[in-house]
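Data block below; observations after.
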């Protein structure tokens with residue numbers, strides 16, 4: 001096992017442990033943090049984003065190294081003091097990327113994915129768009145221009161990412177003097193609120209003093225209502241990724257002015273052309289006009305099936321890291337690698353298929369049967385060149401067979417059509 005795979009595997013185990021611990025603590029406090037459908041979408045979005053990033057990161061790394069070695073006027077030495085400076089600058093750039101992602105529609109189209117959930121828990125950290133990978137690189141490419149090397153930039157990114165696990169907690173209250181300069185869970189809960197007084201505040205990732213400096217800070221007075229003002233009601237990660245893009249292109253196509261067609265993408269989310277209203281809200285209301293909290297009801301047995309299969313998909317996702325780490329890591333090498341391409345195909349099909357199963361759409365059983373068949377075939381490409389393939393591949397075939405029998409049972413007992421969605 002190479003170093004990258006080991007780090008990712010250990011990180012995954014730690015994250016799973018923390019999520020389990022958070023669930024246990026929340027249950028003891030009688031706080032409901034997780035719903036199955038929401039958590040699966042969060043994790044699925046994370047796998048889509050990371051899968052895309054494995055390809056894009058190669059290009060970014062090449063660009064970073066080239067700029068650092070050939071364009072940067074000065075190469076900053078690596079030590080404790082420059083490391084602290086790098087974290088501050090990285091977080092400053094992250095603040096402005098984050099803030100502009102709320103103020104410019106084509107950036108918001110990527111960032112809205114992170115705000116769609118009406119829950120807030122550790123899995124929300126992973127609910128991000130793969131479009132955001134491109135957007136944020138336009139900001140962080142400034143780091144090598146300043147003279148920071150690729151390793152330092154990577155370390156800053158990992159630090160910021162791990163810190164997000166802390167700030168997305170609903171179980172941690174206010175933290176005294178840390179509230180003055182650090183972004184705390186209380187601060188970040190505000191950021192996820194759709195309440196009018198909370199909207200578009202507290203963009204800081206690690207340090208909150210950026211918000212205080214630039215006038216975007218507000219304290220938490222009561223726990224916010226989470227999600228977006230327009231709502232989002234889907235259990236499919238692909239829908240989450242493209243939902244607001246569809247909104248933008250729809251409004252741009254309906255307005256008559258070419259100037260307004262451009263403005264739809266560069267103005268803020270509140271703006272729309274005079275001749276095109278905002279599209280209808282996604283959320284539902286009760287008889288009193290109050291917004292109904294979105295939740296897809298899933299039968300317990302179906303939920304167990306979905307959970308086990310998303311964990312299998314996550315295991316394959318870890319396998320992709322191993323494949324990229326052990327093979328040729330140039331972009332052309334990765335794209336020509338059947339091992340990697342087979343894994344990517346399985347991940348994409350699994351995310352789409354399990355989204356269909358969560359929403360209990362009519363063709364979901366047939367799509368998932370195709371996924372299981374492809375999983376068996378892909379096992380030949382994924383595991384045929386490792387030492388334990390002689391017993392690992394039969395296990396994969398057995399798992400696929402058991403899942404197929406389980407799928408047939410769910411279909412026969414009509415547990416895949418609880419919501420009867422079309």
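Odds and ends about this structure:
- Among the residues of segment 19-33, those identified as farther than 20 Å from residue 162 by Cβ and either touching a strand residue (DSSP E or B) at 6+ places or on another chain (Cβ under 6 Å) or in a helix (DSSP H, G or I) (or both) are 24, 26, 27, 28.
Conditions (1) in the same structural domain as residue 124 (by TED's automatic domain parsing); (2) buried (at least 19 other Cβ atoms within 10 Å of the Cβ); (3) farther than 29 Å from residue 355 by Cα, marked per residue:
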residue: 169; (1), (2), (3): yes, yes, no
residue: 182; (1), (2), (3): yes, no, yes
residue: 202; (1), (2), (3): yes, yes, yes
residue: 206; (1), (2), (3): yes, yes, yes
residue: 223; (1), (2), (3): no, no, yes
residue: 231; (1), (2), (3): no, no, no
residue: 249; (1), (2), (3): no, no, no
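- Residue 192 passes every criterion in (1) closer than 17 Å to residue 219 by Cβ; (2) buried (at least 17 other Cβ atoms within 10 Å of the Cβ); (3) out of contact with any strand residue (DSSP E or B) (no Cβ under 6 Å at 6 or more places or on another chain); (4) touching a residue at least 40 places away in the same chain (Cβ under 8 Å) apart from (3).
- Here residue 31 fulfils each of the conditions (1) free of Cβ contacts under 8 Å to residues at least 24 places away in the same chain; (2) over 15 Å from the mean Cα position of the chain (by Cα) apart from (1).
- Residue within segment 147-163 that is under 23 Å from residue 293 (Cβ atoms), free of Cβ contacts under 8 Å to residues at least 60 places away in the same chain and surrounded by fewer than 22 Cβ atoms within 10 Å (Cβ to Cβ) present: no
- Selected residue [modelled with pLDDT of 85 or more and part of a helix (DSSP H, G or I)] from 355, 319, 323: 355
- Taking the numbered list (1) over 22 Å from residue 33 (Cα atoms); (2) touching a strand residue (DSSP E or B) at 6+ places or on another chain (Cβ under 8 Å) in turn, residue 117 passes all entries but (1).
- When 125, 133, 78 are checked against the criterion of being modelled with pLDDT under 95 and assigned to a loop (DSSP other than H, G, I, E, B), 78 stands alone in meeting it.
- Residue in segment 62-73 that is within 24 Å of residue 318 (Cα to Cα) and either modelled with pLDDT under 95 or in a helix (DSSP H, G or I) (or both) present: yes
- Annotation: of all residues in segment 331-352 being modelled with pLDDT under 75, farther than 11 Å from residue 55 by Cβ and in contact with a helix residue (DSSP H, G or I) (Cβ under 6 Å, 6 or more places away or on another chain), the one that is surrounded by the fewest Cβ atoms within 10 Å (Cβ to Cβ) is 338.
- Residue in segment 95-117 that is within 30 Å of residue 307 (Cα to Cα), touching a residue at least 24 places away in the same chain (Cβ under 8 Å) and not in a helix (DSSP H, G or I) present: yes
- Cβ-Cβ under 6 Å pairs, at least 6 apart or on other chains, segment 348-366 side assigned by TED's automatic domain parsing to the domain that holds residue 311, far side modelled with pLDDT under 90 and assigned to a strand (DSSP E or B): 359/421; 360/421; 361/421
- Just one of (1) surrounded by fewer than 21 Cβ atoms within 10 Å (Cβ to Cβ); (2) touching a strand residue (DSSP E or B) at 6+ places or on another chain (Cβ under 8 Å); (3) touching a residue at least 12 places away in the same chain (Cβ under 8 Å) fails for residue 218. It is (2).
The values are calculated or read from the model by the stated rules, or taken from the named source; none is laboratory data. Since the model is a prediction, treat every value here as computed from it, not as a measurement. Note: ideal-geometry Cβ built from the backbone for every residue, glycine included; neighbour counts use all protein chains shown.
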